[in-house]
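The values are calculated or read from the model by the stated rules, or taken from the named source; none is laboratory data. The model shown is predicted, which means the values in this text are computed figures rather than measured ones. All Cβ positions, even for glycine, are placed from backbone atoms using ideal geometry, and neighbour counts span all protein chains on display. Note: areas computed on protein heavy atoms with side chains; ligands, DNA, RNA excluded. Shrake-Rupley method; radii C 1.70, N 1.55, O 1.52, S 1.80 Å.
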Amino acid sequence: MHDFDYEAPVDLDTALRFFAERNGSARVLAGGTDLIDQIRLGRYAPDLLVDIKKLPELNVLECQEGGLRLGAAVPCSEIYRNETVVSGYEALVDSCRIIGGIQVQNRASVGGNLCNSGPAADSPPSLIVLGARCVIASAQGQREVPAEEFCTGPGENVLQQDEVLIEIRFSSRPPRSGSHYRRFTPRNEMDIAVVGVGASVTLDETGERFVDARIALGAVAPTPLFAREASESLTGQPVNDETIARAAELAQQAARPIDDMRGTKEFRIHVTGVLTRRVLAAAIGRARGEEEGTRIGH
Amino acid sequence: MNASTNEHISLVVNGETREIRAHPSQTLLDTIREDLDLTGTKKACDNGECGSCIVLMGNKPTKACLLSANRAQGKEIVTIEGLAASHMGSGEKNSDDLSALHPLQIAFLEKGATQCGFCIPGMIMRANALLISNNNPTREEVIKSLSNNLCRCTGYVKIIDAVMYASELLRANEPKPTPMVSVGKKVGASVARLDSLDTINGKAKYGADLKKDGMLHAKILRSDVHHARIDSIDTSEAEAVPGVEAVLTADDVPGTPYLPNCQPQVFVFPRDRIRFRGEGLAAIAARTEEIAEEALAKIKVVYEELPSAIELDDAIDPRSEPLFAGMPNISPIEETGCGQVEVGFAEADVIVENTYSVPVREHAAMETESALAYQDENGTLVIETALYHPFVQGTRSIANNMGMNAAEIRIICPAMGGNFGSRGDTLIAVVAALFAQKTGKATKIVLSRAESLLGSSKAPSVNIRYKTGATREGRIVAVDTEVIHGAGTWAPYLIPETTKGAELCYFETLDALLSHATGPYEVPNVRARAYDVLTNGPRYVPLRGTNANYLPLAYESQLDQIAEKLGMDPFEIRTLNAIRKGSKTHIGQVLRESVSLLAELEALRPHYEKAKTRLEKRRAKADGSWKPGVGIGCGWRNIGYVKTTISAGAELTDDGFIHVLAGSVEQGQGPTTQLVQIAADVFGVSMSTMRVTIGDTSAAPYPVPTFSSITTVATGKAIQTAAVNLAKLLKGTAAQLLEEPPDSLQFNDQGVFAQEGATSSVSFAELSAYLHDQGKSSRCEGVIEWDGEAPNILFGYNTGLIELEVNVESGRVRLLNHVNVCDPGTRINPLALEGQVDGGIAFGIGFALSECFHPDNPPTLKDYGVSATTDIPETITQLFVEEPLERGPFGAKSMAEHPGISPIPAIINGIYNATGARIYDIPATPERIKFALLNNRNHSNKVRGEKITL
């Protein structure tokens, strides 16, 4: 494996200074579940790994009036064990339960999953539909980027060499909202989605009309994708099979998948439609406070 | 490694504080295995997919391969070696004392949950984490929690059983039952495997666990192109790296530069041409693995890439360049048959014809390949490596490359983490041996998973054209088939005829494949043709069920199609045509013994009727997109494709144990235990009186391969015969000493006693000493001549049904229930036998639904499609038809391969039954099913000229 130095600073300023000084040769080590493997495979050859697990700013997990604050280093398992989060941000929890498997969820973080910027990553669609904002820090200061703008290509994102993702912020959820994330894999225990779909809906008081909806797709484009037209097609529309089918069709049109060993382009587009319908139905059920079916599977 | 950046790390491992220095790039797994020498924690995938390296860190299950050691700073870690003590809660150390085992370990022993054992420490540690948080899990919870732990042997059923049982033991909190390890039961008894105690304790030593002081670590440079002309290989810069001790290229192979008895030639290292992606080009031995890797990157290979043909159709294209100069890419066509196929089809009322394909498949044994070579004190070159034929492939083949005599080489097989046909490649053993010879130092080589997946030999891709004709009554009257066998860069068809048989036949060639062409049915008119095709794919080797598990996709699909056309039940058409005692196969072999297909079908019948009734009910209440279906399938496989003499030995040890010796190897399938059971039964003594030596060319010099399902039936019989001979010798000797007639004598665990007046006896140790004083050896041998009707000695039969559901929106398949019927002749160890069948079923499921390898995009274990706990049917019922085989030991037949065949066609037929979509190309992935549903047969780029005529 490539040789590198290792630092585990306990305050953010020190950490940011490493990145400012290292000119791109430093990398963040969060859970390490992907990075260790990537270094071993020679995909990255950093000179310095900065362990961010000890930085308090990156370990915050709290629900306030203004919404949810999720530190970039919080492990997935911490998120779904926190009932406050579970109650309002179901899609995020769905994602966290899927990433890796329990042994990985104890260490893998949503921040790491996002910064890894894999097109098929399981958390970005949920972050996008929940309207998350990514808080990015450098020695120069902080900035915020909407989740749908964070990834810029396979393994690429908006972070500059001296920047670190420190936190993901979510607004508080309006009443009668529900969200869901689901992915399709050919078999139960495969780790990489062939297609992933997240959806969040807010319904009116009757529960029969969309006030707002957001749909996002994974594994069907070089980056996680906010399906804007599909989302907007639902605004103000009644909740029925027709409007849902229309949104699914628009989601399919937004998809720009590739052929690879896990699935062909045609199949991915097909599955995008099927999943969008199912995920919307589940999000609507949650917005209405309905009991969840026992068979959420695939 | 930069020593200056090494950090001091303090860990509490198995209750003991351990201080180490590790670089931040070092994983916890390497720390545990290398620095702390706790090799029970295994490295199998090294990328977090398989769970073999799971340890407990602060009571949480943790994949040690994904964690930097320094992240474990100050943490409490429990490994398999410390599990029992962690449970006892005292300072008590784990030991061979059974009462000191953790309930999970006891449960794994008693439930027969271990086979090769490589995944077992990870399984146990993962299950332990579950039971710590929930001591009363449901079966579903166990399945879910183990779903990221891969196993290739067991099919998971007995592992899940064991975890459920362990939770009972934990809750009962009663004195633990004693596992049946050495209880005096014999043939027919479900005894725990003799090697399972080492497995569940983490003490078993596999290749990667072996260490020698001052040993070197070797690495192989592998090609990353499919096909190229080599201009030059420059190793000078690599040789200059400090710590590098030797470099090997094609110039450094002193003997034959290619594997003997293979045509075209398989080179240890190619000199002028790269023929497949992953081919080894050069190797480096260095003080550490890291140095070897660093130096590898400094070897300069200048090459010119050539057009490659990976797909069979491309390689067959006459415009494609021959892979070997002067040799066509296509072999001569081999043909077998009977009757007049045209006449048969003229008589047929229904004819079905189609093409089918099977992809390249990977063995995916949980342990990757390894070899450790060194000179012992006598100057013998010892190679500790897992090979299924340590004699011919091992000593003989390696000696040839080394320019040595076979007698100068000793092969010892360490614990083997699965085989399935993959352990036939001697190349890494040759590399380790060459380094050991060149440097005078022990040299170890262990392949990484990625390297193993890319560079190891594979099962062939097979394209099949198949045509069946039947009468209005459902009687099959003609079969015509053509099979294209993708051999990769290695086509066994050119092994000279003179060396094909006997000792050199470690390939089952096209005639073996063709002898399975009709399936287990009587067909009067048959034409079956096959040819090999060379491609730039990985080299071909057999894989579990080889030759027998490609064609069922074709013939079983067509039987169902014919039955449907004729309005017959799929079950009845099979019964009508089933091969039976006295049937003559299309190659003229008359089947006289243990022909059990009809009996199997009758055993399956009530289950099939129930499944059909359930299907009606499920169809009536099917919800939305999940459609239920039932499929059945039959298959057969040759047992003992060997025309040779097989021998084994039995003797008394000086300290009074009965010692059996065989050339077979333990690869998880269980001969260690089974051969002892057979011999113990001959003597009527308990297994604790027995010792066994296998897998060592010097200590047990009885050349025999361990493949093609021959161990039980042939080596088992040789052991039985050897034991009978030893019993005769001992009784004769004791008769002189006791002055009693030999017939009146009997054995017990101590020795020989007289039947009447039991005071008169002589112990085994006394007998041994007496023979020794007389200058006689107690070693007796059993010799079996196998010269039966070629090419197959006999067949094993398999029948099964699958109840499943298919999601018509996504194409996913959910397996609900599988009933598998097979014919072991006699069950020597029912528990072990069930484990073999479970494992076979998991292979069949993988073949049918997920497994596929392509060198353009080498997968990981999971992407490749190894079945996980969540992929196996919710319930599995095994039924056994026992029709004893006269020539088998106590009537037993081998069982390792044929039980995995029926699930393949049963699933494919079940998918059709559920949805009306017929699958011609396996694996039946959701995508293929979905497009078959959309009637888009051309989707997989294959034009299907399906013809059904009535």
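Residues in the stretch A:66-88 that are assigned to a loop (DSSP other than H, G, I, E, B), open to solvent by 10 Å² or more (accessible area, probe 1.4 Å) and away from chain B (no Cβ under 14 Å): A:Gly66, A:Asn82. For B:Phe267, the conditions (1) under 20 Å from B:Ile445 (Cα atoms); (2) at pLDDT 95 or above; (3) open to solvent by 10 Å² or more (accessible area, probe 1.4 Å) all hold with the exception of (2).
Can you list the helices (runs of 4 or more DSSP H) found entirely within the stretch B:385-455 that contain at least 1 residues being within 14 Å of chain A (Cβ to nearest Cβ)? The helices (runs of 4 or more DSSP H) meeting that bar are B:449-455. Identification of helices (runs of 4 or more DSSP H) wholly contained in the stretch B:266-377 with 1 or more residues that are touching a Lys or Arg at 6+ places or on another chain (Cβ under 9 Å) and not assigned by TED's automatic domain parsing to the domain that holds B:Ile476 yields B:289-296, B:341-347. Do we find that B:Leu598 is open to solvent by 10 Å² or more (accessible area, probe 1.4 Å), closer than 10 Å to B:Thr799 by Cβ and touching a strand residue (DSSP E or B) at 6+ places or on another chain (Cβ under 7 Å) in this structure? The answer is yes for B:Leu598.
Quick one: count up the residues across the stretch B:852-888 that are within 14 Å of chain A (Cβ to nearest Cβ) and either in a loop (DSSP other than H, G, I, E, B) or open to solvent by 50 Å² or more (accessible area, probe 1.4 Å) (or both). The qualifying residues number 15. Only residues that are assigned to a strand (DSSP E or B) and closer than 22 Å to B:Glu19 by Cβ were counted in the stretch B:43-86, giving 8. The residues of the stretch B:795-814 that are open to solvent by less than 10 Å² (accessible area, probe 1.4 Å) and either part of a strand (DSSP E or B) or away from chain A (no Cβ under 14 Å) (or both), listed by number, are B:Phe795, B:Gly796, B:Tyr797, B:Asn798, B:Thr799, B:Gly800, B:Leu801, B:Ile802, B:Glu803, B:Leu804, B:Val806, B:Asn807. In the set B:Trp636, B:Trp626, only one residue is open to solvent by less than 30 Å² (accessible area, probe 1.4 Å), over 30 Å from the mean Cα position of the chain (by Cα) and of a type in the set (Phe, Trp, Tyr); that residue is B:Trp626. Picking from residues in the stretch A:240-267 that are closer than 17 Å to B:Phe931 by Cα and among the basic types (Lys, Arg), the one that is farthest from the other protein chains (Cβ to nearest Cβ) is A:Lys265.
Scanning for something surrounded by fewer than 21 Cβ atoms within 10 Å (Cβ to Cβ), in contact with a strand residue (DSSP E or B) (Cβ under 6 Å, 6 or more places away or on another chain) and in a loop (DSSP other than H, G, I, E, B), does the stretch B:188-200 turn up at least one residue? Scanning the stretch B:188-200 turns up no residue that is surrounded by fewer than 21 Cβ atoms within 10 Å (Cβ to Cβ), in contact with a strand residue (DSSP E or B) (Cβ under 6 Å, 6 or more places away or on another chain) and in a loop (DSSP other than H, G, I, E, B). Considering only the stretch A:7-58, state which residues are aromatic (Phe, Trp, Tyr) and surrounded by 19 or more Cβ atoms within 10 Å (Cβ to Cβ). Within the stretch A:7-58, A:Phe18, A:Phe19 meet the criteria.
Checked against (1) over 28 Å from A:Asn157 (Cα atoms); (2) surrounded by 22 or more Cβ atoms within 10 Å (Cβ to Cβ), A:Ala199 passes all but a single condition, namely (1). Just one of the listed residues (A:Arg133, A:Arg97) is surrounded by fewer than 22 Cβ atoms within 10 Å (Cβ to Cβ), without any contact (Cβ under 8 Å) to a residue 60 or more places away in the chain and within 14 Å of chain B (Cβ to nearest Cβ), namely A:Arg97.
Evaluate the stretch B:830-839: report whether one residue or more is open to solvent by 10 Å² or more (accessible area, probe 1.4 Å) and within 11 Å of chain A (Cβ to nearest Cβ). No. Residues that are under 21 Å from the mean Cα position of the chain (by Cα) and open to solvent by less than 50 Å² (accessible area, probe 1.4 Å) within the stretch A:231-246 comprise just one, A:Ser231. How many of the residues making up the stretch B:507-542 are in a loop (DSSP other than H, G, I, E, B), of a type outside the set (D, E, K, R) and surrounded by fewer than 24 Cβ atoms within 10 Å (Cβ to Cβ)? Summing the residues that are in a loop (DSSP other than H, G, I, E, B), of a type outside the set (D, E, K, R) and surrounded by fewer than 24 Cβ atoms within 10 Å (Cβ to Cβ) in the stretch B:507-542 gives 3.
Restricting attention to the stretch B:131-168 and to residues that are within 14 Å of chain A (Cβ to nearest Cβ) and acidic (Asp, Glu), the residue that is nearest to B:Pro103 (Cα to Cα) turns out to be B:Glu141. Exactly one residue out of A:Ile258, A:Ile269 is surrounded by fewer than 21 Cβ atoms within 10 Å (Cβ to Cβ), of a type outside the set (Gly, Ala, Ser), on the phi < 0 side of the Ramachandran plot and assigned to a loop (DSSP other than H, G, I, E, B): that is A:Ile258.
When the test is whether a residue is touching a strand residue (DSSP E or B) at 6+ places or on another chain (Cβ under 8 Å) and either open to solvent by less than 10 Å² (accessible area, probe 1.4 Å) or under 27 Å from B:Thr672 (Cα atoms) (or both), B:Glu781 passes it.
Within the stretch B:652-661, does at least one residue satisfy the condition of being free of Cβ contacts under 8 Å to residues at least 24 places away in the same chain and either open to solvent by 30 Å² or more (accessible area, probe 1.4 Å) or in contact with a strand residue (DSSP E or B) (Cβ under 8 Å, 6 or more places away or on another chain) (or both)? Looking through the stretch B:652-661, none of the residues is free of Cβ contacts under 8 Å to residues at least 24 places away in the same chain and either open to solvent by 30 Å² or more (accessible area, probe 1.4 Å) or in contact with a strand residue (DSSP E or B) (Cβ under 8 Å, 6 or more places away or on another chain) (or both).
Filtering B:Ile351, B:Ile274, B:Ile310, B:Ile299 for residues that are within 14 Å of another protein chain (Cβ to nearest Cβ) and either crowded, with 18+ Cβ neighbours inside 10 Å or more than 31 Å from the chain's Cα centre (by Cα) (or both) leaves a single hit, B:Ile310. Restricting to the stretch B:562-584, name every residue that is assigned to a helix (DSSP H, G or I), open to solvent by 10 Å² or more (accessible area, probe 1.4 Å) and touching a residue at least 40 places away in the same chain (Cβ under 8 Å). Matches in the stretch B:562-584: B:Lys565, B:Leu566, B:Pro570, B:Glu572, B:Leu576. Would you check if there is a residue in the stretch A:66-78 being among the β-branched types (Val, Ile, Thr) and in the same structural domain as A:Cys134 (by TED's automatic domain parsing)? Yes, some residue in the stretch A:66-78 is among the β-branched types (Val, Ile, Thr) and in the same structural domain as A:Cys134 (by TED's automatic domain parsing). Report whether or not B:Asn70 is modelled with pLDDT under 90 and within 14 Å of chain A (Cβ to nearest Cβ). Yes. Taken over the stretch A:44-79, residues that are without any contact (Cβ under 8 Å) to a residue 24 or more places away in the chain and farther than 22 Å from A:Ser138 by Cα amount to 3. Within the stretch B:896-918, does at least one residue satisfy the condition of being touching an Asp or Glu at 6+ places or on another chain (Cβ under 8 Å), open to solvent by 10 Å² or more (accessible area, probe 1.4 Å), closer than 19 Å to B:Ile159 by Cα and outside any helix (DSSP H, G or I)? No. Screening the candidates B:Ala914, B:Ala906, B:Ala924, B:Ala896 for the property of being under 21 Å from the mean Cα position of the chain (by Cα) and among the small types (Gly, Ala, Ser) yields one hit, B:Ala896.
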